[in-house]
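For reference, the structure discussed in these notes is given below.
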Amino acid sequence: MLLYIKLMKVKKGVAKLSCGSLKFALLWLVLLSLTACVGLPVHGSVVGQTIETRVDSEVARYYLANYLAGKRDNALLDERIDRVYQSANGNLPNQSELKQLSDEFSVDFAALYFADRIAHSPGNQSFQNVFDQIYASTRTAFPQGRIKLPPAAAEYEALFVPSYLYKRRMVTGADLAAPRAALKKAGFACHFVEISDDGPIESNAELVMAAIRARAQSGRRLIVISASKSGPEVALALTKLGPAETHHVAAWINTVGAQGDTAGG
């Protein structure tokens, strides 16, 4: 099964390649849905992550700012939200249940609720502990040149797919030069897909498909890394290739923001 990891941002000089569950990846996906420029301003915290954004309803604002913080001073809303948790019986909501929550409350409420439920699932907590340990040790060891890859790392290689205007807006990090250099320095084999930096998704997806096919006989598992606009291009490429031609693809990491900018995505 192909693992898809969606990360918020590539840190300077460090590429986050820790593998985890799809559920953890979805946490960042739903949080990103809260970044709209309209709605009610709100400040709160989910899974220890501070969020200052705007949401689409009063119930979503109350849920983030009050309910999750233990400041429950609206008996009517508290009772309605309590019923949601009680009916879940500790399980994650499925697509149908999220749609129902969106209709009953709001889309942002459903997204926040999903994020909170994922955060408290045992699988996510285990992943977070491992990720934090690996990230902390890597952040210390990498600048000192003390990165030691496990033997299994030789079985993997990375394929980078750059983002919007990566040839013309060099300062944004859309070419993913920093994580490419970091992985190469650590000892990973890295490859780069020369897509059109402002081309259509469909034609760029064909280039990504060709690059993935070209690595099929390398003998290594492939980790595809995209950013912002190139995310849909990789998604389309993987969909068109299908399982038969992606058996060598171990993971897809989509970094949602390039350094210093969203790179137009």
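Key figures for this structure:
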| item | result |
| --- | --- |
| Qualifying residue in segment 27-39 (condition: at pLDDT below 75, among the small types (Gly, Ala, Ser), closer than 30 Å to residue 158 by Cα and open to solvent by less than 40 Å² (accessible area, probe 1.4 Å)) | no |
| Criterion: surrounded by 15 or more Cβ atoms within 10 Å (Cβ to Cβ), under 21 Å from the mean Cα position of the chain (by Cα), acidic (Asp, Glu) and outside any strand (DSSP E or B) - qualifying residue of 157, 233 | 233 |
| Single condition residue 204 does not satisfy, out of (1) buried (at least 17 other Cβ atoms within 10 Å of the Cβ); (2) part of a loop (DSSP other than H, G, I, E, B) | (2) |
| Evaluation of residue 140 against (1) farther than 30 Å from residue 46 by Cβ; (2) more than 23 Å from the chain's Cα centre (by Cα) (one fails), failing number | (1) |
| Only one of 127, 109 that is assigned to a helix (DSSP H, G or I), farther than 30 Å from residue 216 by Cα, open to solvent by less than 30 Å² (accessible area, probe 1.4 Å) and among the aromatic types (Phe, Trp, Tyr) | 109 |
| Residue match in segment 61-80 (condition: hydroxyl-bearing (Ser, Thr, Tyr), out of contact with any Gly (no Cβ under 6 Å at 6 or more places or on another chain) and either surrounded by fewer than 16 Cβ atoms within 10 Å (Cβ to Cβ) or in contact (Cβ under 8 Å) with a residue 60 or more places away in the chain (or both)) | no |
| Residue match in segment 220-228 (condition: outside any loop (DSSP other than H, G, I, E, B), in contact with a strand residue (DSSP E or B) (Cβ under 6 Å, 6 or more places away or on another chain) and farther than 19 Å from residue 255 by Cα) | yes |
| Residues of segment 223-244 that turn out to be of a type in the set (S, T, N, Q) and farther than 13 Å from residue 206 by Cα, as a count | 2 |
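Yes or no, residue by residue, for (1) under 25 Å from residue 141 (Cα atoms); (2) acidic (Asp, Glu):
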site: 170; (1), (2): no, no
site: 174; (1), (2): no, no
site: 187; (1), (2): yes, no
site: 195; (1), (2): no, no
site: 198; (1), (2): no, yes
site: 228; (1), (2): no, no
site: 237; (1), (2): no, no
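The values are calculated or read from the model by the stated rules, or taken from the named source; none is laboratory data. All of these numbers come straight from a predicted model, not from anything done at the bench. Positions of Cβ are generated from backbone atoms using ideal geometry, with glycine treated the same way; all protein chains shown enter the neighbour counts. SASA here: full protein model, heavy atoms, side chains in, ligands and nucleic acids out. Shrake-Rupley method; radii C 1.70, N 1.55, O 1.52, S 1.80 Å.
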